[in-house]
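Notes follow once the structure below has been shown.
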Amino acid sequence: MFRNQYDNDASTWSPQGRIFQVEYASEAVKQGTAVVGLKSKTHAVLVAVKRSPNELASYMKKIIRIDDHMGIAVAGLTSDARVLSNYLRTEAMRSKMVYGRPLPVGRAVNAIGDKAQTNTQEYGRRPYGVGLLVIGHDNTGPHLYEFSPSGVVSEYYGYSIGARSQSARTNLERNFGEFENLTLNQLIMQGLRALRDTMQTGKQLDNMNTSIGF
């Protein structure tokens, strides 16, 4: 999809103040199957729809464990997610070896945000075509962060990314006032209800196409 002379590289601004390569990367996130994240005062949960390329293939992994206290859900290019998850694992291992403590969740997401932002500023690089929801627990409690290809990271009580994720976000916005006091099982059920709203007509969630992480 060639738009104009300003979308050839991620380091070129358009006269309207836009970087089209970053916008194209964000469109790749919208093509991935939906993932939903939400948190209470004691837990953080991820639920995701897995996609199979065809009937003969296995389902693609959507939730990835980073460390004992942290995990991510991906929407977009799985290969880019693999690069970022390996980077996060390396940082988590370094934190344990150097400082003797688990990597703080906020520091982890800021690290991948800085890594992604570099790709939007240097000539010859491209933005990562993947969005992440990152959950974790540290001494300040449970956390849920969203990472976008622009390098922006934001913390949420509940959020969804991927195809038809607006339907899930509407569900979360309608109910997020209850999240704080929910038990783990209630939180998972709330996430599954939000995820169900992203499904195409005629399809439903089952134990084969759904992943849950907490």
**OP:** Would you check which residues across the stretch 157-214 are within 21 Å of Phe147 (Cβ to Cβ), open to solvent by 70 Å² or more (accessible area, probe 1.4 Å) and in a loop (DSSP other than H, G, I, E, B) and list them?
**Re:** Tyr157, Arg164, Phe214
**OP:** Specify the residue that is least open to solvent (accessible area, probe 1.4 Å); the eligible residues are those in the stretch 25-59 that are at pLDDT below 75 and of a type in the set (S, T, N, Q).
**Re:** Ser52
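Do we find a residue being among the hydroxyl-bearing types (Ser, Thr, Tyr) and either assigned to a strand (DSSP E or B) or loosely packed, with under 14 Cβ neighbours inside 10 Å (or both) anywhere in the stretch 75-83?
Yes, the conditions are met somewhere in the stretch 75-83.
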Original post:
Could you list, in sequence order, the residues of the stretch 134-170 that are under 17 Å from Thr33 (Cα atoms) and in contact with an Asp or Glu (Cβ under 6 Å, 6 or more places away or on another chain)?
Top reply: Tyr159, Ser167, Ala168
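I want to confirm something. Restricting to the stretch 126-135 and keeping residues that are closer than 14 Å to Ser85 by Cα and either surrounded by 23 or more Cβ atoms within 10 Å (Cβ to Cβ) or in contact with a Ser or Thr (Cβ under 6 Å, 6 or more places away or on another chain) (or both), which single residue is modelled with the lowest pLDDT? Walk me through it before giving the result.
If we filter the stretch 126-135 for residues that are closer than 14 Å to Ser85 by Cα, which is where we start, we get 128-135.
Of the ones still in play, those that are also either surrounded by 23 or more Cβ atoms within 10 Å (Cβ to Cβ) or in contact with a Ser or Thr (Cβ under 6 Å, 6 or more places away or on another chain) (or both) are 128, 130-135.
On the way: Tyr128: 83, Val130: 88, Gly131: 88, Leu132: 90, Leu133: 91, Val134: 91, Ile135: 91.
Out of the qualifying residues, it is Tyr128.
One line per residue, one yes/no per condition, for (1) assigned to a strand (DSSP E or B); (2) among the β-branched types (Val, Ile, Thr); (3) within 30 Å of Glu180 (Cβ to Cβ); (4) open to solvent by less than 10 Å² (accessible area, probe 1.4 Å):
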{"residue": "Pro102", "(1), (2), (3), (4)": "no, no, yes, no"}
{"residue": "Ala116", "(1), (2), (3), (4)": "no, no, no, yes"}
{"residue": "Gly124", "(1), (2), (3), (4)": "no, no, no, no"}
{"residue": "Leu144", "(1), (2), (3), (4)": "yes, no, yes, yes"}
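If you scan the stretch 126-140, which residues turn out to be touching a strand residue (DSSP E or B) at 6+ places or on another chain (Cβ under 6 Å) and in a strand (DSSP E or B)? Break it down stepwise before answering.
So the first thing to find is which residues in the stretch 126-140 are touching a strand residue (DSSP E or B) at 6+ places or on another chain (Cβ under 6 Å), and the list is 129-136.
Passing the criteria: Val130, Gly131, Leu132, Leu133, Val134, Ile135, Gly136.
Among the residues of the stretch 62-74, which ones are within 22 Å of Gln166 (Cα to Cα) and either surrounded by fewer than 19 Cβ atoms within 10 Å (Cβ to Cβ) or not small (Gly, Ala, Ser) (or both)? Working first, answer last.
Pass one, the stretch 62-74, residues within 22 Å of Gln166 (Cα to Cα): 62-63, 72-74.
Correct list: Lys62, Ile63, Ile72, Val74.
Report whether or not Leu88 is without any contact (Cβ under 8 Å) to a residue 60 or more places away in the chain, open to solvent by less than 70 Å² (accessible area, probe 1.4 Å), outside any helix (DSSP H, G or I) and out of contact with any Leu (no Cβ under 7 Å at 6 or more places or on another chain). Show your work before the answer.
Details: without any contact (Cβ under 8 Å) to a residue 60 or more places away in the chain: yes; open to solvent by less than 70 Å² (accessible area, probe 1.4 Å): yes; outside any helix (DSSP H, G or I): no; out of contact with any Leu (no Cβ under 7 Å at 6 or more places or on another chain): yes.
Considered against the rule, which asks whether it is without any contact (Cβ under 8 Å) to a residue 60 or more places away in the chain, open to solvent by less than 70 Å² (accessible area, probe 1.4 Å), outside any helix (DSSP H, G or I) and out of contact with any Leu (no Cβ under 7 Å at 6 or more places or on another chain), Leu88 comes out as no.
The values are calculated or read from the model by the stated rules, or taken from the named source; none is laboratory data. Keep in mind that this is a model prediction, so the values were computed, not measured. Neighbour counts run over all protein chains shown; Cβ positions are idealised from the backbone, glycine included. Accessible surface areas use protein heavy atoms only, side chains included; no ligands, DNA or RNA. Shrake-Rupley method; radii C 1.70, N 1.55, O 1.52, S 1.80 Å.
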